[in-house]
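Nothing in this text is a laboratory measurement; each read-out follows from the coordinates by a stated rule. Here the structure is a predicted model, which is why all the values come from computation and not from measurement. So basically every Cβ, Gly included, is an ideal-geometry build from the backbone, and we count neighbours across all protein chains shown.
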Amino acid sequence: MNRRTLILDGAQAASDVRDRLGLDLVAPVDPFAVAEGLGIRVRFLPVSMEGFYQKAKPPRIMLSALRPLARKAFTCAHEIGHHWFGHGSTIDELKGDGRDDTDIPDEILANAFGAFLLMPSIGVRRAFNSRGWKPATANPIQVLTIAGEFGVGYDTLLTHLSMTLGDMSRNTRIELGKWTPQRIRKRLLCDDEATGLILLDHQQRAAGVDLEEGYALAVPTGAAVAGDVLTQRQSIEGFDVYNAVRRGRATITTAAWQVEARVAPPQFIGPANYRFLEDPDE
Amino acid sequence: MSTEIEQRQLIAARIREARTLAGLSQGQVAKMMTMHRPTISEIEAGNRKVTADEISRFAEVFDVTTAYLLGETPDKLAMDDPKLQLAARELAKLSPDALDGLLRALAAVRTDNDDENKG
């Protein structure tokens with residue numbers, strides 16, 4: 001089977017999983033909730049790898065707690081792919097950001113599944129269109145905004161747009177690839193203190209956003225924030241910026257949407273469903 | 001007598017290890033098990049006996065086997081343990097430290113093959 005066929009099979013399977021769980025093909029999804037919906041238990045371990053899928057009863061996914069937040073989400077989606085396709089137990093060793101370098105059919109399938117589960121074609125194209133943006137002419141802040149909406153890394157979205165969807169030229173991808181999330185963050189916030197930045201604008205459609213303590217979250221100016229896990233940091237053009245300071249949950253409300261912001265400790269170790277549990281010891 | 005104390009210390013150490021692997025503070029566990037926080041502290045110090053019912057509840061909260069908490073199974077899975085279901089070529093992908101961490105986690109977590117889940 002050639003690579004293109006495997007990618008199409010992965011995309012179809014991602015769509016089937018969304019159907020199974022009653023999710024549409026547009027909105028961002030939480031891969032940890034998808035795993036739970038399929039009866040898979042997810043745990044974070046202080047282990048240097050990407051992830052481990054254990055074909056067992058119950059099936060399990062173990063992820064490295066040491067990897068960046070968006071990478072953990074992508075690896076979770078990738079491991080769900082192994083489960084959905086009935087693959088055997090497998091270890092995904094530590095990788096760089098390039099995910100498309102494998103020639104192993106099961107890995108191509110799981111990668112395509114993970115990418116389309118998190119970044120469905122219709123949803124990603126709608127995200128650009130609804131803002132009047134185009135992948136072909138996008139700037140780094142626009143890419144970071146949409147990557148944050150879908151809970152994926154900046155480079156992961158660039159790769160998906162250019163190599164899988166074919167919506168971005170190779171040259172544009174190379175130019176945008178010269179920017180890093182850290183550099184964009186520094187440009188927007190004028191300092192280097194936050195470990196991550198998620199921008200939620202008026203057009204975003206995620207129902208929830210995952211953060212780690214130390215992350216900054218930008219929400220539209222005047223959005224109502226309920227919950228002491230976020231504290232106000234600064235205002236920038238069009239946005240109020242908050243720091244995620246404590247494990248737990250907060251609710252953000254604008255005229256257009258309501259989002260649950262969920263904050264985990266950095267490099268959290270334990271079952272995924274415990275990572276936002278408020279701690280009476282704090 | 002000393003055996004009983006050693007056994008209690010072993011259980012205490014396993015509960016502490018399982019709690020850490022579950023990412024929970026003593027306060028969080030106390031709340032989930034409707035216990036007082038000092039009780040968890042005493043249990044983890046080996047100063048208080050744990051009932052069979054409490055062991056079951058700890059196992060549920062930590063998603064581990066009761067056999068693991070009781071010290072009846074090793075704290076690290078052997079490379080050829082059928083529970084692992086991994087070929088040697090898969091294991092070879094990991095560094096020794098990473099492999100050690102994975103084998104320790106897998107020794108603790110439940111599967112349907114474990115004793116308490118049968119029948």
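Listing for the model above:
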{"item": "All strands (runs of 3 or more DSSP E) inside segment A:27-88 with 2 or more residues being within 26 Å of A:A194 (Cα to Cα) and either within 13 Å of chain B (Cβ to nearest Cβ) or in contact with an Asp or Glu (Cβ under 8 Å, 6 or more places away or on another chain) (or both)", "result": "A:41-45, A:60-64"}
{"item": "Of the criteria (1) more than 25 Å from A:D9 (Cα to Cα); (2) of a type in the set (G, A, S); (3) buried (at least 21 other Cβ atoms within 10 Å of the Cβ), which one A:A127 fails", "result": "(1)"}
{"item": "Number of positions in segment B:53-80 that are of a type in the set (K, R) and within 19 Å of B:T34 (Cα to Cα)", "result": "1"}
{"item": "Hits in segment A:1-47 - residues which are of a type in the set (S, T, Y) and surrounded by 16 or more Cβ atoms within 10 Å (Cβ to Cβ)", "result": "A:S15"}
{"item": "When residues of segment A:256-280 are limited to those that are without any contact (Cβ under 8 Å) to a residue 60 or more places away in the chain and in contact with a Pro (Cβ under 9 Å, 6 or more places away or on another chain), the one surrounded by the most Cβ atoms within 10 Å (Cβ to Cβ)", "result": "A:D279"}
{"item": "Subset of segment B:53-77 [touching a residue at least 12 places away in the same chain (Cβ under 8 Å) and in a loop (DSSP other than H, G, I, E, B)]", "result": "B:D63, B:T65, B:L70, B:G71, B:T73, B:P74, B:D75, B:K76, B:L77"}
